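Undergrad: Before we start, here is the structure in question, set down as structure tokens.
The values are calculated or read from the model by the stated rules, or taken from the named source; none is laboratory data. Model, not experiment: these values are computed from the prediction. Cβ: placed from backbone, ideal geometry, glycine included. Neighbour counts: every protein chain shown. In case anyone asks, the SASA skips ligands and DNA or RNA and just uses the protein heavy atoms, side chains included. Shrake-Rupley method; radii C 1.70, N 1.55, O 1.52, S 1.80 Å.
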Amino acid sequence: MKLKHSAGFAAAGVLAMALTACSSGSDSGDDAAESGDGAISGDITVLTNRTDLIDTTFQDYKNTFESEYPDVNVEFEGITDYEGDVSIRLNTQDFGDVLLIPNTVSKDQLPNFFAPLGSVDEVSETYRFVSEQAYEDQAYGVAITGNAQGYVINKKVWEEAGITEAPTTPEEFVDALQAIADSTDATPYYTNYADGWPLSQWQGNRGVMAGPETEQILADTDEPWTEGEEQYAIDSLLYDVVDAGLSEDDPTTTNWEESKTLLGSGEVATMVLGSWAVTQVQDAAEAAGGSPDDIAYWPMPFQVDGSFHSTIGGDYKNAVSKYSENPEAARAWVDWFAQESGYAESQGGLAPTVEGELPSTLSEFESLGVEFVEIDPAPAGEETALSDIYDTAEIDLWGNVYRQKMIDTARGAADGDKASYFDSLNERWSAARAEVG
């Protein structure tokens, strides 16, 4: 089936902290290297966070691409700490020819590092999620895949606890986890506290209640951690799960790679993650002697007008370095990867092209009637308004620090309770809004 959207939805992006230092310099590589017959040519280096695929799947991509572009040579550079290392390298001119745009780059910084790919309207004729990495009507990145938001479950464990339908309210969700605790040996919920970054997956669910204008609503709100606000609902659910003792005993010892096996084998029942995680957990289930069919993906328990919603958006975006000596070859790779590699399908993701199909990993969404939400881009001139607020407030919405402290408070490892912690967040947020104007 084709991917369908609720009316008016546009792409949900990752808003991130601004870099403290920016590169500068003149554009280079304006003249793409071409062979004598005018064919695209040259050597390009592609940076990637998929270190696990460089020697296997990506070599197949290289061979296929180079058969189509015989005058181009592709080399990969795998980076384990992608965000940390590449964010630092952006302060040089040495960050490859094609790279995934780090989340630390704010929209107004895109022209400092990347070559424009065309106007938003032009690029949107072919690709989804274009406005997520665009500035002043220029597009700078193409998504490698798209993700829906919700949570991954071991369906076998949930069924053992007597739960066969997706919870429709936060209360039903917590009750379901309690049933798992009462009737199975599984840990009902796994926070992935120690690695930190998985906690940002909760933030990706903004929009499931407030709709496409959620980011603008958040930027215009003085006290988002107040009952009735979307931010409150999302964070309150995580707090309540931990407060009820339904997560791992010691969150400081969690391990991301191990968590996939724990969920796949049924030792853990539930994790809030983007849909990108489904295939990885299915592989882990099979490796543990189970079945990929044990793993399912459900929408968050916040219905609006009787319907489930799931925020969708692009994953990392491939971009062309503004310092590339072979920008046409680099751009050819960006387009080929999105249109022909099959990467998105292999990862169970939404296709980055506008005519893409709904992946099998989201098959449960169809029967549940889930409506997709794509977040509206910020108005022109206000692209950094939200990030300015949370940077000033020092509340890392897309990081891990404030949610780690929230978990510590919920489990009694830090002073306070939900009311006092949320009050402190509201105070910092409203003060920051006043400061940035």
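Undergrad: If T279 satisfies all but one of (1) modelled with pLDDT under 95; (2) surrounded by 22 or more Cβ atoms within 10 Å (Cβ to Cβ), what's the number of the condition it fails?
TA: All conditions are met except number (2).
Undergrad: Hey, could you check the range 267-276 for residues that are buried (at least 20 other Cβ atoms within 10 Å of the Cβ) and more than 20 Å from the chain's Cα centre (by Cα) and say which is farthest from V208 (Cα to Cα)?
TA: Taking the candidates together, the pick is V268.
Undergrad: Those residues that are part of a helix (DSSP H, G or I), open to solvent by 40 Å² or more (accessible area, probe 1.4 Å) and aliphatic (A, V, I, L, M), I need them from the range 282-304; list them, please.
TA: The one that is part of a helix (DSSP H, G or I), open to solvent by 40 Å² or more (accessible area, probe 1.4 Å) and aliphatic (A, V, I, L, M): A287.
Undergrad: Here is a follow-up. For E286, state whether it is over 23 Å from the mean Cα position of the chain (by Cα), without any contact (Cβ under 8 Å) to a residue 24 or more places away in the chain and in the same structural domain as I153 (by TED's automatic domain parsing).
TA: The answer is yes for E286.
Undergrad: Would you mind stating whether T164 is over 21 Å from Y239 (Cβ atoms), surrounded by fewer than 21 Cβ atoms within 10 Å (Cβ to Cβ) and of a type outside the set (D, E, K, R)?
TA: Spelling it out, T164 is indeed over 21 Å from Y239 (Cβ atoms), surrounded by fewer than 21 Cβ atoms within 10 Å (Cβ to Cβ) and of a type outside the set (D, E, K, R).
Undergrad: Conditions first: (1) assigned to a helix (DSSP H, G or I); (2) in the same structural domain as N426 (by TED's automatic domain parsing); (3) β-branched (V, I, T). V334 passes all but one, so which condition is the exception?
TA: Among (1) assigned to a helix (DSSP H, G or I); (2) in the same structural domain as N426 (by TED's automatic domain parsing); (3) β-branched (V, I, T), V334 violates only (2).
Undergrad: Does P379 satisfy the condition of being closer than 24 Å to D108 by Cα, touching an Asp or Glu at 6+ places or on another chain (Cβ under 9 Å) and of a type outside the set (S, T, N, Q)?
TA: The answer is no for P379.
Undergrad: Output yes when any residue across the range 354-365 is among the β-branched types (V, I, T), crowded, with 16+ Cβ neighbours inside 10 Å and not in a helix (DSSP H, G or I), and no when none is.
TA: So far as the range 354-365 goes, no, none of its residues is among the β-branched types (V, I, T), crowded, with 16+ Cβ neighbours inside 10 Å and not in a helix (DSSP H, G or I).
Undergrad: Yes or no: A244 of a type in the set (A, V, I, L, M, F, W, C), surrounded by 19 or more Cβ atoms within 10 Å (Cβ to Cβ) and in the same structural domain as R411 (by TED's automatic domain parsing)?
TA: No.
Undergrad: Return the residue satisfying two criteria in turn: it lies in the range 64-119 and is part of a strand (DSSP E or B) and free of Cβ contacts under 8 Å to residues at least 40 places away in the same chain, and of such residues it is surrounded by the fewest Cβ atoms within 10 Å (Cβ to Cβ).
TA: Residue satisfying both the conditions and the ranking: E75.
Undergrad: Could you tell me whether the range 321-331 includes any residue that is within 21 Å of the chain's Cα centre (by Cα), crowded, with 18+ Cβ neighbours inside 10 Å and basic (K, R)?
TA: No, the range 321-331 has no match at all.
Undergrad: Moving on. Given the conditions (1) under 18 Å from P299 (Cα atoms); (2) over 24 Å from the mean Cα position of the chain (by Cα); (3) of a type in the set (A, V, I, L, M, F, W, C), which single one is not true for A179?
TA: For A179, the exception is condition (1).
Undergrad: So which pairs qualify, if the first residue must be in the range 31-53 and not assigned by TED's automatic domain parsing to the domain that holds D283 and modelled with pLDDT under 95, the second must be in a strand (DSSP E or B) and surrounded by 18 or more Cβ atoms within 10 Å (Cβ to Cβ), the Cβ gap must be under 6 Å, and the two must be at least 6 apart or on different chains?
TA: Once the first residue is not assigned by TED's automatic domain parsing to the domain that holds D283 and modelled with pLDDT under 95 and sits in the range 31-53, its partners that are in a strand (DSSP E or B) and surrounded by 18 or more Cβ atoms within 10 Å (Cβ to Cβ) give A33/G42.
Undergrad: Could you list, in sequence order, all residues of the range 366-383 that are on the phi < 0 side of the Ramachandran plot, open to solvent by 30 Å² or more (accessible area, probe 1.4 Å) and part of a loop (DSSP other than H, G, I, E, B)?
TA: D376, P377, A378, P379, A380, E382, E383
Undergrad: Scanning for something within 24 Å of L386 (Cβ to Cβ) and either out of contact with any Cys (no Cβ under 7 Å at 6 or more places or on another chain) or modelled with pLDDT of 95 or more (or both), does the range 62-82 turn up at least one residue?
TA: The answer is yes; a qualifying residue exists.
Undergrad: Where residues in the range 309-320 are open to solvent by less than 10 Å² (accessible area, probe 1.4 Å) and of a type in the set (S, T, Y), which of them is farthest from F95 (Cα to Cα)?
TA: The qualifying residue farthest from F95 (Cα to Cα) is S310.
Undergrad: Does any residue of the range 187-204 turn out to be free of Cβ contacts under 8 Å to residues at least 60 places away in the same chain, surrounded by fewer than 24 Cβ atoms within 10 Å (Cβ to Cβ) and either assigned by TED's automatic domain parsing to the domain that holds S247 or touching a Gly at 6+ places or on another chain (Cβ under 7 Å) (or both)?
TA: So far as the range 187-204 goes, no, none of its residues is free of Cβ contacts under 8 Å to residues at least 60 places away in the same chain, surrounded by fewer than 24 Cβ atoms within 10 Å (Cβ to Cβ) and either assigned by TED's automatic domain parsing to the domain that holds S247 or touching a Gly at 6+ places or on another chain (Cβ under 7 Å) (or both).
Undergrad: So, in the range 205-224, of the ones that are free of Cβ contacts under 8 Å to residues at least 40 places away in the same chain and more than 12 Å from I389 (Cβ to Cβ), which residue ends up surrounded by the fewest Cβ atoms within 10 Å (Cβ to Cβ)?
TA: I217
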